[in-house]
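Enquirer: Pasting in a structure now, in structure tokens, and then I'll have a few things to ask.
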DNA sequence: CGAACATATGCCTTGACAGGAATATGCTCA
DNA sequence: TGAGCATATTCCTGTCAAGGCATATGTTCG
């Protein structure tokens, strides 16, 4: 999960992923479209690959990289736990503020 | 978007976010539960705050941090563009492989 | 086999960032 | 006002990751 975040935290990698959304592409193509040097692209693809975000398929001397859904699905699942809350008031600050105040007051329980 | 990824790429920050999912908490509480030093927690909260993932509410001398839904919603929206694809075959490699081959062959068009 | 091409890897340098420890800031209350 | 908390900030250090460049690897084709 956090591996996915790390991988996507890098701007170029995020772009690569978005670029691959449409269809798999060979390294050179990616480099060209994003105006990056080939070696860096290979390195980024390595990271994305390690994170499982991407998979390769060799065709002659080129390597076609395509997206893998799994990590994104996991990301989706991870978000689920938040979706529940954010509808019925994500910020029930008020409620908590009071509770917190109580807890904090336990310390000064001199007038109990 | 990428700001969100960066913020969540750090393990402790990811934990903080998950911890705050239930309810807002003061800094000290966060530090205690995650077994982190207070200064580091403050720093992480700063980053999360800059990313809009978190918001503060001062109560006496403590500061209660709570989650903000917006960035997560954006993340959700971002995922949308992938959800479309990943059902109907994310990896239409085969299709592309052929197309790619053609394109690649243009160069060697000796037998045309 | 040898040349041309596509991609991967290694080395180096630089900048960003996280943790540690000390300290500053802000608030409350007696 | 001064003491005591809760939190933020600063400075320092070590680590790690990204880009640049050169080069290795692997593949195709004549």
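Enquirer: I need a count of the residues in the stretch B:36-49 that are more than 10 Å from DNA strand C (Cβ to nearest atom) and out of contact with any strand residue (DSSP E or B) (no Cβ under 6 Å at 6 or more places or on another chain).
Expert: So the answer is 1.
Enquirer: Follow-up. Taking the condition of being in a helix (DSSP H, G or I) and more than 8 Å from DNA strand C (Cβ to nearest atom), how many residues in the stretch A:8-29 meet it?
Expert: The qualifying residues number 12.
Quick grid of which residues meet (1) within 12 Å of DNA strand D (Cβ to nearest atom); (2) over 25 Å from residue B:55 (Cα atoms); (3) in contact (Cβ under 8 Å) with a residue 60 or more places away in the chain:
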residue: A:18; (1), (2), (3): no, yes, no
residue: A:36; (1), (2), (3): yes, yes, no
residue: A:42; (1), (2), (3): yes, yes, no
residue: A:86; (1), (2), (3): no, no, no
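FYI, it's all coordinate maths here, none of it is from the lab. Given the structure is predicted, the values throughout are model-derived calculations rather than measurements. Every residue, glycine as well, gets a Cβ built from its backbone with ideal geometry; the counts of neighbours run over all protein chains shown.
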